[in-house]
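Remarks on the structure that follows.
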C-alpha cells in the first residue's frame, strides 16, 4: 500500500468538493420548491433536495472521518457516491417516464431538456470520478494481499 | 426406470434455489434475503433410466425448528423417507454449514454434500480441500457452481450412486461427552422395544433428539403413555445443560472438519463491513432507507404511467371498433361493459404492480433489505413489532398476499399474529386506482397530497393497531431480533426481470381471474332483471346497494358507493370497475361522479379511507386464514379491519367537514 | 464480562455467557454464536449491533445484544 498515497489525497479532496456541490444542489432544489427561483433550470423538488442534503452530510462525515481514520472516510465516501449515482439514475427514469407520458398524451410543450433538470443528475456527474476512484481504493485496502499465498 | 426422491437441504441463502433451478430446469426466483423459500418446491429431472424427484426445502440452520419454515424442513426430513438428502454447503461459510451437516448425518439417510463455490468464494480466493472434507465426514462431496450449473452432472451421478448402495451409512461419529452417550444408549435401548411409535426415526436418533430437547417428539411419546428413562426424571436446568453439551459437541465436530479442509482465511476488514458501517449508521441508517423508498415510489408511479396511457389508448380503439359494428344491444352491453370493462380493470394496475415487483427484487438482490430490517428494528420494537415484520410491511405496499406469506420468517406466534393483522392496512397497489379516481375528481391539483395522506394514514393505523394488540392482547415484549445479514451482491437486471415476470404472472393469474370474474358478476347484477335500465336503482345491484345503504348512511355513502364496497371484498380493483358500471360507463365515470349531488369532497375522502382500511380482498383473506391456522384469529383480523375502517371513516367525515367546505 | 450491547465498533470479543431463557441461547447457537466463540463488532447503532464470525454477519437487536455477555480481547 505504498504507492497509494497520491490518489488518496486527490480523492479525499474531491470528496470535500462533492460534499459542497451536493449540498448546493440540494439547497437549490429546496429553494426552487419553496418558490424562490433563481432562473436556473433546476427541478423544484423539496423531498429530493432533502435527500441531496442528506447525502452531502454523509460526504461531510467522510471528510471529518478522513482526518482520523482512513477506512472510515473511504466507506462513507464510497456509499454516498454510490447512492448519489443510483438516485441520479432513478431521477432520469422518473423524468423519462413523465416525459414519455406527456408525449403520449399529446401535450403541446414537450421539453426534452426537462429530463436533465433534476439536481441529482448534476451532483451525480461531479461524483462519478470520486465513485470510480474510491471503489478501487475500497477493495485494495480491505482485502489484505496476504490472504492466500 | 427407477424413481429417486431427493431432498435439498441447507442453510438459508446458500444457493439452494439456484441449484434447484439448474437441476430441474425451472426458473424459481432466488432471493438474497434469508427465508425466500418458505414452502417446499418440487421439481423433476430425467436422466437416462432414472427420474429424479427433487424437493427444495426451506433454508434452516439446524433441525430444532423454531420458525414455521424450519418446521416444514424438519418434518420433510424426518417423515418423508427420501432416497437421499443433498446438502448444499456454502464454501464461504463452511463451519456454520457443517453444523447442519452434523445433524443431518445422525438421521442416517444416504447423503451427498454439494459444495457450492459462489461468486463470493471465487472473489475471496477461498480454497477448500474437498477430498479432505469427504474423507473426514465419510460423505461424498461434489464441487459445484450453482449459478452456472458447473458440476451438476457429477452431482447427479453421485446421487444415483449413493442411492444404489446397499450398505447402511457410516458417517463420522459426533463425540458427545461420556455421560450424554450413556444416557443416549439407555433411552435408545428402551425405545427399540417401541419402534412402531417412532415412525421413520431410528431409536438411536430418537434418543438424541429427546436429549437435545425435542418437545414435539417427547409429547408424542408421552401421549402414547411411555415413561422415558432419564428424561422424565431430569429437571429443566439439567436438560438445558445437556442440550448445550450436545450443541457444543456438534460445533467442535464442524470446527475440527473445517480446520482441516479450509486452506485460507480472510483479511481483517472486508468491503461489506465498511459498507455496513454507513448503511446501518445510527443517524444515517433510517434517512438513507427512507430516501430509497421515496425513489422506489416515484419510479413506480412515473415509470408505469406511459404504459397506462398506452393501455387506455388501446381500449379507446377497441370501443370505437365496437361502435362501428351492428349488434344486439344486449351483446354489445356484455362486450363493452362486461368483457372490455373487465379486462380493462385487470390491465390498468398491471404496470405499477410489475414495476413495484422489479424494484423490490432489485433491492432484495443487493442484500440491502436485510440491513433495512436491522435499521428499522428499534423503531418497530418501540411500537410493539419485530424488526423482521418490516419486510412483510414493505411487500404489502405491492400486494398483501405475498406480504402475509412472508411473515413465516418470524419466530414468535404473537409477533406473527400482530404482523398479519396489521399488514392489510398497508395500502396495496390495487387500492391505488380508487384513490386516483376519487382524488382526481374531487381534489384536483391536491390529488397527490391526498393519496400520500392515505398511505401515511394506513401506516399510522397499522402502528396504532400494533400498539393496541401488543399492550392489551399479547402482553409480552416482541422477541429479540436476530438475523443473518446476507452478502452484498450486484443486482442483475436479468434476474430481477425474471423474478418480476414470475411474480407478476402468478399475481395476474390469481388476481386476474378473480377481478375479471368480479367485473362480469357486477355486469350481470347491473343488467338483470331483464328490461331494467343498465345499472339503475331497479337492477339487482341497485337493490343490493339499497339494502345495505342505511348501514353506511352515517358515513354519507350513497347506494352506488355501497355496491362498490361490496364488490371490493372480491378485489379492490373491482371497486372502480363496478362504479363505472353503475354510473353508466367507465369513460363518463369522472364527470358523472363530479355531477352527483349526493357526493362531496369530504364524502369522497371518507370513502377512500374506508376502502383503504376495511378488508384486503378474498385472496388475502384466504392467505390470512391459512397462515393464522384458525378461524378465531382470522375473524378477529377481519373484524378489526372493518371496525377500524368504520370508525376512522366516520371521524374523517366529521373532522373533515370542519375544514373542507360542504 | 460485559453485555455485547456496551461494546464499540471494531472491538473483538469472546462470548462468555448467554442470559435469559434457553430459547435465545438456542437461536443464537444455531447461528454459531455460542460460548467461547470470537466475534468482531462491525457496527453499533444505539444498543443494536452487527457482529461478524468468519464470513457471516449477524444483526442483533438491543434486546438480544444485552443478553449476550462477552469479554473484550486485546
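Restricting region B:78-94 to residues that are surrounded by 21 or more Cβ atoms within 10 Å (Cβ to Cβ) and assigned to a helix (DSSP H, G or I), which is farthest from the other protein chains (Cβ to nearest Cβ)?
Filtering region B:78-94 for residues that are surrounded by 21 or more Cβ atoms within 10 Å (Cβ to Cβ) and assigned to a helix (DSSP H, G or I), the one farthest from the other protein chains (Cβ to nearest Cβ) comes out as B:78.
For region A:21-46, how many residues are over 20 Å from residue A:125 (Cα atoms) and either surrounded by fewer than 14 Cβ atoms within 10 Å (Cβ to Cβ) or touching a helix residue (DSSP H, G or I) at 6+ places or on another chain (Cβ under 6 Å) (or both)?
8
Which of the residues spanning region B:136-180 are surrounded by fewer than 15 Cβ atoms within 10 Å (Cβ to Cβ) and under 30 Å from residue B:230 (Cα atoms)?
Those that are surrounded by fewer than 15 Cβ atoms within 10 Å (Cβ to Cβ) and under 30 Å from residue B:230 (Cα atoms): B:168, B:169, B:170, B:173, B:175, B:177, B:178, B:179.
So, in region A:89-122, of the ones that are more than 10 Å from chain B (Cβ to nearest Cβ) and within 14 Å of residue B:303 (Cα to Cα), which residue ends up surrounded by the fewest Cβ atoms within 10 Å (Cβ to Cβ)?
The extreme case among them is A:92.
Considering B:544, B:551, B:525, which residue is in the same structural domain as residue B:655 (by TED's automatic domain parsing), part of a helix (DSSP H, G or I) and crowded, with 17+ Cβ neighbours inside 10 Å?
Answer to the check: B:525.
Any residue at all in region B:638-657 that is assigned by TED's automatic domain parsing to the domain that holds residue B:412, part of a loop (DSSP other than H, G, I, E, B), free of Cβ contacts under 8 Å to residues at least 40 places away in the same chain and exposed (fewer than 12 other Cβ atoms within 10 Å of the Cβ)?
no
Given the options B:306, B:329, name the one that is over 23 Å from the mean Cα position of the chain (by Cα), more than 11 Å from chain A (Cβ to nearest Cβ) and either closer than 22 Å to residue B:576 by Cα or surrounded by fewer than 16 Cβ atoms within 10 Å (Cβ to Cβ) (or both).
On inspection, the qualifying residue turns out to be B:329.
Under 6 Å between Cβ atoms, which residue pairs at least 6 apart in sequence (or on different chains) link something in region B:156-185 that is under 30 Å from residue B:22 (Cβ atoms) with a partner that is loosely packed, with under 15 Cβ neighbours inside 10 Å and modelled with pLDDT under 85?
Hits for this filter: B:156/B:47.
Every residue in region B:409-421 that is over 20 Å from residue B:617 (Cα atoms) and part of a helix (DSSP H, G or I), please.
B:409, B:413, B:414, B:415
Report whether or not residue B:246 is crowded, with 18+ Cβ neighbours inside 10 Å and part of a helix (DSSP H, G or I).
yes
Going by the structure shown, is residue B:539 over 21 Å from the mean Cα position of the chain (by Cα), surrounded by 15 or more Cβ atoms within 10 Å (Cβ to Cβ) and at pLDDT 75 or above?
Judged against the criteria, residue B:539 is a match.
Do we have residue B:576 as at negative phi, in the same structural domain as residue B:645 (by TED's automatic domain parsing) and either surrounded by fewer than 20 Cβ atoms within 10 Å (Cβ to Cβ) or not in a helix (DSSP H, G or I) (or both) here?
No.
How many residues does region B:129-149 hold that are out of contact with any strand residue (DSSP E or B) (no Cβ under 6 Å at 6 or more places or on another chain) and outside any helix (DSSP H, G or I)?
6
Only one of B:257, B:227 is more than 14 Å from chain A (Cβ to nearest Cβ) and part of a loop (DSSP other than H, G, I, E, B); which?
B:227
What is the residue count in region A:51-73 for residues that are closer than 23 Å to residue C:9 by Cβ and more than 7 Å from chain B (Cβ to nearest Cβ)? Break it down stepwise before answering.
Residues of region A:51-73 that are closer than 23 Å to residue C:9 by Cβ, as a first pass: A:54-55, A:57-73.
Now drop any that are not more than 7 Å from chain B (Cβ to nearest Cβ), which leaves A:55, A:57, A:59-70, A:72-73.
Within region A:51-73, residues that are closer than 23 Å to residue C:9 by Cβ and more than 7 Å from chain B (Cβ to nearest Cβ) number 16.
Please find, within region B:381-408, the residue that is surrounded by the fewest Cβ atoms within 10 Å (Cβ to Cβ) out of those that are within 14 Å of chain C (Cβ to nearest Cβ), part of a helix (DSSP H, G or I) and in contact (Cβ under 8 Å) with a residue 24 or more places away in the chain.
B:381
Can you pull out every residue in region C:54-65 that is modelled with pLDDT of 85 or more and either more than 7 Å from chain B (Cβ to nearest Cβ) or assigned to a strand (DSSP E or B) (or both)?
Answer for region C:54-65, where residues must be modelled with pLDDT of 85 or more and either more than 7 Å from chain B (Cβ to nearest Cβ) or assigned to a strand (DSSP E or B) (or both): C:57, C:58, C:59, C:60, C:65.
Among (1) more than 19 Å from residue B:248 (Cβ to Cβ); (2) at the interface with another protein chain (Cβ under 8 Å from one of its Cβ atoms); (3) not in a strand (DSSP E or B), which single condition is residue C:43 missing?
(3)
Would you check if there is a residue in region B:116-132 being within 14 Å of chain C (Cβ to nearest Cβ) and without any contact (Cβ under 8 Å) to a residue 12 or more places away in the chain?
Among the residues of region B:116-132, at least one is within 14 Å of chain C (Cβ to nearest Cβ) and without any contact (Cβ under 8 Å) to a residue 12 or more places away in the chain, which makes the answer yes.
The values are calculated or read from the model by the stated rules, or taken from the named source; none is laboratory data. Nothing here was measured: the structure is a model prediction, and the numbers come from that model. Cβ: placed from backbone, ideal geometry, glycine included. Neighbour counts: every protein chain shown.
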